[in-house]
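To start, the structure under review is shown below, and the notes come after it.
The values are calculated or read from the model by the stated rules, or taken from the named source; none is laboratory data. Given the structure is predicted, the values throughout are model-derived calculations rather than measurements. Note that each Cβ is placed from the backbone with ideal geometry, even for glycine, and that neighbours are counted across all protein chains shown. When the accessible area is computed, the model is the full protein with side chains, heavy atoms only, and any ligands, DNA or RNA have been set aside. Shrake-Rupley method; radii C 1.70, N 1.55, O 1.52, S 1.80 Å.
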Amino acid sequence: VRTCMVANDCALDAAHGNRRGLAGIVFVHKCAGAMASALATSDKATTASAFEEVLRVAHQVIRRVRTINVALSGCTIPAVGKPGFTLPAGHMELGLGIHGEPGVCRASLPAADELLADLLRRVCEDAARGAGARVALLLNNLGGVTQLEMGVLTRALLSAARAHGLCVERLLAGAYMTSLDMRGFSVSVLELDDELLSLLDASTSAPGWIVPSRPAEQLDRHPRSQRAQRECRRSDLDRDSHNRRPAHRPTTRHTVRPTSAGGAARRGAHAEGARGSLHGTGSGGWRRGPRTQSGARRRLHPDRSQLAAVRSACGCATHARRAPGSRARR
């Protein structure tokens, strides 16, 4: 049995050796698990060599990942039944633990862009990540952040990474490691190489794993120009909208299932009307007009001759058409 200590909390001083494990352990689990799964299906790897290989990958991820936490409220421990701490409105705690352990400082809550830029700067300075570094970003929801707020934070994180010059290969955003409805989030940065990137992209059946996305910055590395990319995306959208538009069908058949006692007579008149329909109206005598500008068809009045045939077949009285301006009797 070998032990791996994951201490990726960059809010604490590494010299004292008291760094805690935060959401960065998600990267350790994923990459080490993917390596173990790959070696389990390999005939060349022995048990001892596979064990050492998985351990090597785990230690490699531990050395390359850094995380920092931010929260606006404490987590609720079930045995206590209330949050571990409270903060005044408009304030945050920086660098707290996953179980609500005290952070390094409390401050007023800035705007999302300013906050994410400061958090990413702290993480990159601790791990010595400079411009051009290939990274995977993890924006972890600690449990109480809404989807709308996660969207705002994700946009701010990508903007900060672009300003820092990072090459974001993968982006993970969601509730990967929660802290019992704590209203906060964490930012993790993992420096990638080709091996770790392939392990991160490896398929898994874990129900809590959210597949990483590939940010829009990756389009800039494509050999085509940005203008060509925009034209290609615009043509794809035009083609998709054309494929979704229903085809023009001048003949449409409507089937009505009668439920009254005169069903047989209705079906007979229905078939007779279908054979003698005008303008290709199909059964039932409903004529369809041309399409409008919005693509919808204009539904015109039914053929009166066919309606009269149906009424007579069903034993219904055919009412005479009232003269213009006359009123119906009550």
How many angstrom lie between the C-alpha centres of the stretch 74-94 and the stretch 100-168? 21 Å
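What does the charge count around residue 194 come to, taking other residues whose C-beta lies under 14 Å from its C-beta (Lys +1, Arg +1, Asp -1, Glu -1)? Write down the numbers at each step before the final one.
Working: positive: 64, 134, 170; negative: 169, 191, 193, 195, 201.
Net charge around residue 194: -2.
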What part of the accessible area of the stretch 13-85, given as a whole %, is carbon or sulfur when the probe is 1.4 angstrom? 59 percent
About its Cα centre, what dipole magnitude does the stretch 102-217 give when the only charges are +1 on Lys and Arg Cβ and -1 on Asp and Glu Cβ, stated in debye to the nearest 20? 280 debye
Quick one: which of 107-115, 44-52, 137-145 comes out on top by average Cβ neighbours within 10 Å, and what's the full order, highest first? 137-145, 107-115, 44-52
I need the shape label for the stretch 1-117. Rule: rounded when a/c is under 1.5, else prolate if a/b > b/c, else oblate, with a, b, c from the alpha carbon gyration tensor. prolate
With θ set to phi - 60° and the Karplus curve 6.51 cos²θ - 1.76 cosθ + 1.60, what are the ³J(HN,Hα) couplings of the stretch 92-107 in order, to the nearest whole Hz, using x for Gly and Pro? 9, 10, 10, x, 7, x, 5, 9, x, 4, x, x, 8, 6, 10, 8
Hey, what did the stretch 77-146 get for relative contact order, percent, Cα under 8 Å, at least 6 apart? 16 percent
Under Stokes-Einstein, the stretch 97-154 at 37 °C and 0.692 mPa s, with its Kirkwood radius over C-alpha pairs, diffuses with a coefficient in µm²/s of 242 µm²/s
Relative packing of 147-153, 163-169, which averages over residues the other C-beta atoms within 10 Å, highest first: 163-169, 147-153
